[in-house]
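Shown next, in structure tokens, is the structure this report addresses.
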Amino acid sequence: MTKVLFGGDYNPEQWPEKVWQEDDRLFDAARIDTLTLGVFTWALTQPSMDVYDFTTLDQIVGRAAAQGRSICLATGTGAHPAWLARGHPEVTRTDFEGRKHRYGQRHNSCPSSPIFRRLSAEVAERIAERYGPDPAVVAWHVGNEYGGACYCALCADGFRAWLRERYGTLEALNTAWYTAFWGHRFSDWAEIEPPSALTEHWRGPDHTAFQGITLDYLRFMSDAMLACFVEEKAAIRRHSDKPVTTNFMGMYRLLDYHRWAPHLDFASWDNYPPDDRSPAWMALAHDLVRGLKDGRPFWLMEQTPSVTASRDVNPLKRPGVLRLWSWQAVAHGADAVLFFQMRASRGACEKYHGAVIGHAGRSDTRVFREVAALGAELERLGGASLGARTPARVALLFDWDSRWALEISDGPSRHVRYQQVVLTYYQALWDAGVDVDVVAVTADLSRYDVVVAPALHMLKGDLAARLEQLAARGGSVVTTFLSGRVDEHDQAFLMDVPGPLGPLTGVRVDEWDAREPEVVNPVRLGGADFPGRLVFELVIPAGAEVVGTYQADFYAGGPAVTKNAFGAGWGWYVATDLDVEGVAWVMRQALAPYGLTGPYADVPGLESAVRITPAGKRLRFLLNHNDTPVTVLACVTGIDLLTGAHIELGDPLAFPAYGVMILSEYS
């Protein structure tokens, strides 16, 4: 790579060749240098069980290579062919309600089906054997947006085998699942059923009688889909040593991406935020994906250039937002900026999804002009940011097990959603201009000054000891309500809440209150009141200093935020669901001893992010997420890599709405 890759998903098999010729011209005009090809071509390249036909894919790959474009080549297994479902009905999924699906949609392949796994690996191997030697192929793309779940008999057998491997004996399994409750004890592996609407659940997937069973099925299903990926990757490896990935979906709930990460050569993801007002949500997802591979750069595999088509309401990106969001990805570690889709589909469910080239094939649309302008800027940037790392000294822990365990728990509140709690704490860090690594609970924490662990419901392994070590050497740990509640089997610790986090936080919690979302109990922090909601833990200090107090109900005056001296550092505990302003107050106090707030922490909507290149060059990205101009004073001396302008310390920097600047700092 000599620059940030630029392009996206291209499906020329949907159009006649004369359209391909026009697309080539438009791609050149927009500086498109990379195409993701073949994502949904299984039925095209294998029209029946015993027939392979690469005629069209040969033309597509050959044409892209001849045009000098890099290719991210997919295995085509994002959707299985109709002939496979007809000949082998077992390849389709059984849903949570127990309904056996027929052919249709795309995420409809049972990950435990031997025939599906064999044939998907075979088609991946055929493609790798045929195109692996082509120098234009720079990466492999396995499957597409893995997700969903299956509850069929094959998955039941797979689950039992997975449980045997995990627990070894039924005695160990019964202990882990606490089957003494309701006399649920299993005396034969064959008695175990997938937890579904027909077995352990009521009112949907989050309401289960036995959280341990459901938690393990979530883990199993993530591993079962991972096994499909691993088999396709192994098939590719027999013919190619080029890097292999699959496109993740940010904070997608149903797959534990930390379990997947070791098997990917590089991480990639598709950025479709919940609305068009979520810059911190996107930054969090970027940092999470970057953290999957120990901070190494990732690919932004998909984003829309204009609108999505899958939501009830699909807002249009305002002028400049396409550019802003793309540069935000680079600021957080992207070495590729790719779109879905290059040309708009004519029919089916994504015909109104945004595209670089619309149905009319015009180059004079606003969207095309903005894409072309971004392509020109990426050319000017060249390889300046490639391989650069984020020098974060703050880590935020993100844990799928804690998320699952918390959200399938009966009590204390169904309104607490893990991702929202994490986002609130990340938002406070983002507003403060802090560079953050979002990492697994197993990550090495030795390089961080501050670790933030919101809603760390499940505490596994030696994490409590490692957090204590961080505080003992002078760092700070911030954790919250509903943390330290259960072990890896989702069983409550037989000790005071917050379990093994008690010594670090210096508190104990005997009781907790939960109220409807509209109920507010103010928390007084530094002379101001901030709303607390959902869960109100009644904290008893056991050495901790009281920093904030509840202002209402019978526990008015009781501790809501505490700070505990531990060694040379601190353990913070926040006992209720504060809003982002309240969390920001706490986080600013926790960050203060380390000087980690950014230079524009008090400028709303102006994002600051730093990357350091392999050569040691420091790049500062400044991004104005406001729809109005912003002017600040330069915090460094350097050169703006997008304009070539020399910037002196203290110079006024004027950002238009959605403006971007990349400063290469002078040493």
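The values are calculated or read from the model by the stated rules, or taken from the named source; none is laboratory data. Here the structure is a predicted model, which is why all the values come from computation and not from measurement. Don't worry about glycine lacking a Cβ; one is built from the backbone with ideal geometry, like all the others, and counts go over all protein chains shown.
Odds and ends about this structure:
- Any hit, the stretch 73-87, residues being on the phi > 0 side of the Ramachandran plot, touching a helix residue (DSSP H, G or I) at 6+ places or on another chain (Cβ under 6 Å) and buried (at least 18 other Cβ atoms within 10 Å of the Cβ): yes
- Residues of the stretch 176-206 satisfying the condition of being over 26 Å from THR92 (Cβ atoms), in contact (Cβ under 8 Å) with a residue 12 or more places away in the chain and surrounded by 12 or more Cβ atoms within 10 Å (Cβ to Cβ): ALA176, TRP177, TYR178, THR179, HIS184, PHE186
Yes/no per residue for (1) hydrophobic (A, V, I, L, M, F, W, C); (2) touching an Asp or Glu at 6+ places or on another chain (Cβ under 9 Å); (3) not in a helix (DSSP H, G or I):
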residue	(1), (2), (3)
GLU165	no, no, no
PHE186	yes, no, yes
GLU193	no, yes, yes
PRO205	no, no, yes
MET225	yes, no, no
PHE229	yes, no, no
LYS233	no, yes, no
GLY250	no, yes, yes
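A quick yes/no check of all residues on (1) surrounded by fewer than 24 Cβ atoms within 10 Å (Cβ to Cβ); (2) part of a loop (DSSP other than H, G, I, E, B); (3) at pLDDT 95 or above:
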site	(1), (2), (3)
TYR426	no, no, yes
LEU429	no, no, yes
VAL438	no, no, yes
VAL441	yes, yes, yes
SER446	yes, yes, yes
VAL452	no, no, yes
GLY461	yes, yes, yes
LEU467	no, no, yes
LEU482	no, yes, yes
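- Residue within the stretch 558-567 that is in the same structural domain as VAL509 (by TED's automatic domain parsing), buried (at least 19 other Cβ atoms within 10 Å of the Cβ), in a strand (DSSP E or B) and of a type in the set (S, T, N, Q) present: yes
- Condition check for ALA156: under 17 Å from PHE220 (Cα atoms), in contact with a His (Cβ under 8 Å, 6 or more places away or on another chain) and part of a helix (DSSP H, G or I): no
- Some residue of the stretch 216-226 being small (Gly, Ala, Ser) and in contact with a strand residue (DSSP E or B) (Cβ under 6 Å, 6 or more places away or on another chain): no
- Selected residue (criterion: surrounded by the most Cβ atoms within 10 Å (Cβ to Cβ)) from residues of the stretch 485-509 that are assigned to a loop (DSSP other than H, G, I, E, B) and over 32 Å from the mean Cα position of the chain (by Cα): GLY506
- Condition check for TYR658: over 17 Å from GLY598 (Cα atoms) and more than 29 Å from the chain's Cα centre (by Cα): no
- Answer from PRO273, PRO262, PRO315, PRO243 - the residue that is within 29 Å of TYR217 (Cα to Cα) and over 14 Å from the mean Cα position of the chain (by Cα): PRO262
- Odd one out for VAL535, checked against (1) surrounded by fewer than 18 Cβ atoms within 10 Å (Cβ to Cβ); (2) in contact with a Leu (Cβ under 9 Å, 6 or more places away or on another chain); (3) part of a strand (DSSP E or B): (1)
- Close contacts from the stretch 219-237, counting a first residue that is of a type in the set (Ser, Thr, Tyr) and a second that is crowded, with 18+ Cβ neighbours inside 10 Å, with Cβ to Cβ under 7 Å and a gap of 6+ residues or different chains, come to SER222/LEU255; SER222/ASP256.
- Within the stretch 633-665, being of a type in the set (A, V, I, L, M), in a strand (DSSP E or B) and closer than 16 Å to TYR600 by Cα holds for LEU633, LEU653, ALA654, VAL660, MET661, ILE662, LEU663.
- ALA209 being free of Cβ contacts under 8 Å to residues at least 40 places away in the same chain, surrounded by fewer than 14 Cβ atoms within 10 Å (Cβ to Cβ) and not aromatic (Phe, Trp, Tyr): no
- Candidates in the stretch 385-420 are the residues that are of a type in the set (A, V, I, L, M, F, W, C) and out of contact with any strand residue (DSSP E or B) (no Cβ under 7 Å at 6 or more places or on another chain); of these, the one that is farthest from ALA329 (Cα to Cα) is LEU406.
- Of all residues in the stretch 258-278, exactly one satisfies the criterion of being assigned to a strand (DSSP E or B) and under 16 Å from TRP400 (Cβ atoms), namely TRP269.
- Hits in the stretch 544-578 - residues which are in contact with a helix residue (DSSP H, G or I) (Cβ under 7 Å, 6 or more places away or on another chain) and free of Cβ contacts under 8 Å to residues at least 24 places away in the same chain: none
- Residue within the stretch 50-64 that is in contact (Cβ under 8 Å) with a residue 24 or more places away in the chain, among the polar types (S, T, N, Q) and out of contact with any helix residue (DSSP H, G or I) (no Cβ under 7 Å at 6 or more places or on another chain) present: yes
- Matching residues, the stretch 460-491, being under 25 Å from PRO559 (Cα atoms) and of a type in the set (S, T, N, Q): SER476, THR479, THR480, SER483
This table checks each residue for (1) at pLDDT below 95; (2) closer than 17 Å to LEU381 by Cα.
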| site | (1), (2) |
| --- | --- |
| ILE612 | no, yes |
| ARG620 | no, yes |
| TYR658 | no, no |
| SER667 | yes, no |
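- Exclusive hit being within 24 Å of VAL452 (Cβ to Cβ), within 29 Å of the chain's Cα centre (by Cα) and modelled with pLDDT of 95 or more, set GLY582, GLY543: GLY582
- The stretch 1-48, subset in a loop (DSSP other than H, G, I, E, B), without any contact (Cβ under 8 Å) to a residue 40 or more places away in the chain and over 32 Å from the mean Cα position of the chain (by Cα), residue farthest from ALA348 (Cα to Cα): PRO47
- Residues in the stretch 279-310 that are in a loop (DSSP other than H, G, I, E, B) and crowded, with 16+ Cβ neighbours inside 10 Å: 8 in all.
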